[in-house]
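Trainee: If you scroll down you'll find the structure; I have some questions about it.
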Amino acid sequence: MTITLWSLFAAAFLPYVWFGIATPLRKAEFGTADNDHPRIQEAKQTGRGARAMGAHANAFEALAVWAPAVLAAHATNPGSALAPKLAIAWMAVRVLHGIVYIAGIAGVRTLLFAVGMICAVLMYLVAGNVL
């Protein structure tokens, strides 16, 4: 499997990393995790717990952009030298994005989000054999 496809595999699990951080924070904030009505309880979270849930949701949103870009690039330009570099950069940026999201460093989070989106757009250009 290529580095590019491995990045897709890792990206599919990244939302669950942030959820794994959010759940103990929810338990700490409320004393228990309400499994009967988790969405209601999650909506009431504040601070780091709320930001961890935001990182969780944002990781899914980013995956919806990244996955087709990777699959298209892999299908149309499998020998690209740029695709693995973009994949590594995207994964590093998305991991850092989640970390700074949870830490509450909004300006850096926005910058990392933008860099991740640029990587995704460039991957689409790799797919179109433009790069």
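Trainee: Does residue 84 count as in contact (Cβ under 8 Å) with a residue 40 or more places away in the chain and within 18 Å of residue 121 (Cβ to Cβ)?
Mentor: yes
Trainee: In the range 63-89, what residues are surrounded by fewer than 23 Cβ atoms within 10 Å (Cβ to Cβ) and either among the charged types (D, E, K, R) or more than 15 Å from residue 130 (Cα to Cα) (or both)?
Mentor: 63, 64, 65, 67, 68, 71, 84, 85, 88, 89
Every residue, every condition in (1) part of a loop (DSSP other than H, G, I, E, B); (2) under 17 Å from residue 119 (Cβ atoms); (3) modelled with pLDDT under 95, yes or no:
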| position | (1), (2), (3) |
| --- | --- |
| 18 | no, no, no |
| 34 | yes, no, yes |
| 58 | no, yes, no |
| 68 | no, yes, no |
| 73 | no, yes, no |
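Trainee: Name the pairs whose Cβ atoms lie under 7 Å apart, with the first residue in the range 88-117 and over 19 Å from residue 4 (Cα atoms), the second outside any helix (DSSP H, G or I) and not hydroxyl-bearing (Ser, Thr, Tyr), and 6 or more positions between them or separate chains?
Mentor: none
Trainee: β-branched (Val, Ile, Thr), over 24 Å from residue 22 (Cα atoms) and surrounded by fewer than 15 Cβ atoms within 10 Å (Cβ to Cβ): is that true of residue 130 in this structure?
Mentor: yes
Trainee: Could you list all residues from the range 118-131 that are under 16 Å from residue 67 (Cα atoms) and either within 16 Å of the chain's Cα centre (by Cα) or in contact (Cβ under 8 Å) with a residue 12 or more places away in the chain (or both)?
Mentor: 118, 119, 120, 121, 122, 123, 124, 126, 127, 128, listed by residue number.
The values are calculated or read from the model by the stated rules, or taken from the named source; none is laboratory data. Because the structure is a prediction, the values reported are computed rather than measured. Positions of Cβ are backbone-derived with ideal geometry, glycine not excepted, and every protein chain shown enters the neighbour counts.
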